[in-house]
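First comes the structure, then the notes that go with it.
The values are calculated or read from the model by the stated rules, or taken from the named source; none is laboratory data. All of these numbers come straight from a predicted model, not from anything done at the bench. A quick note on method: Cβ atoms are made from the backbone with ideal geometry, for glycine too, and the neighbour counts reach across all protein chains shown. With ligands, DNA and RNA removed, areas are computed over all heavy atoms of the protein, side chains included. Shrake-Rupley method; radii C 1.70, N 1.55, O 1.52, S 1.80 Å.
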Amino acid sequence: MLIEICANSYQSAINAQEASAQRIELCSELSVGGITPSYGLLKQVIKELKIPVFVLIRPRSGNFYYADSEFEIMKHDIQACKDLG
């Protein structure tokens with residue numbers, strides 16, 4: 001069984017790895033269901049962790065009906081994540 005931990009901070013990502021998680025899903029603002037983490041957080045976590053990092057792409061809390069402008073934001077976030085590896 002693969003163990004994936006949802007991490008919402010640098011420290012929670014480190015803790016997940018130290019607790020033998022096999023990968024993490026990185027996000028911010030878990031209290032609202034999770035949103036895309038900041039570029040800085042993503043860059044630091046990828047730099048430090050040895051396990052795979054998956055990223056939640058969600059531009060805002062609330063429903064999942066997105067305007068065209070929000071889809072454009074999501075596309076930019078996805079590209080930034082791909083550029084980081």
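The one condition from (1) polar (S, T, N, Q); (2) loosely packed, with under 12 Cβ neighbours inside 10 Å; (3) within 10 Å of the chain's Cα centre (by Cα) that residue 8 does not meet is (2).
May I ask you to say which residue of 21, 16 is out of contact with any helix residue (DSSP H, G or I) (no Cβ under 8 Å at 6 or more places or on another chain), assigned to a loop (DSSP other than H, G, I, E, B) and open to solvent by less than 50 Å² (accessible area, probe 1.4 Å)? It is 21.
Count of the range 2-28 residues, restricted to those that are modelled with pLDDT under 95 and within 20 Å of residue 61 (Cα to Cα), is 0. Scanning the range 48-72 for residues that are outside any loop (DSSP other than H, G, I, E, B), open to solvent by 80 Å² or more (accessible area, probe 1.4 Å) and without any contact (Cβ under 8 Å) to a residue 24 or more places away in the chain yields 68, 71, 72. In this entry, residue 45 passes the filter for residues that are of a type outside the set (Ser, Thr, Tyr) and open to solvent by less than 40 Å² (accessible area, probe 1.4 Å).
Please verify whether the range 26-34 includes one or more residues that are among the polar types (S, T, N, Q), assigned to a strand (DSSP E or B) and crowded, with 16+ Cβ neighbours inside 10 Å. Yes, that holds for at least one residue.
Yes or no, residue by residue, for (1) more than 18 Å from residue 4 (Cβ to Cβ); (2) touching a helix residue (DSSP H, G or I) at 6+ places or on another chain (Cβ under 8 Å):
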{"position": "30", "(1), (2)": "no, no"}
{"position": "34", "(1), (2)": "no, no"}
{"position": "42", "(1), (2)": "no, yes"}
{"position": "49", "(1), (2)": "no, yes"}
{"position": "63", "(1), (2)": "yes, no"}
{"position": "67", "(1), (2)": "yes, no"}
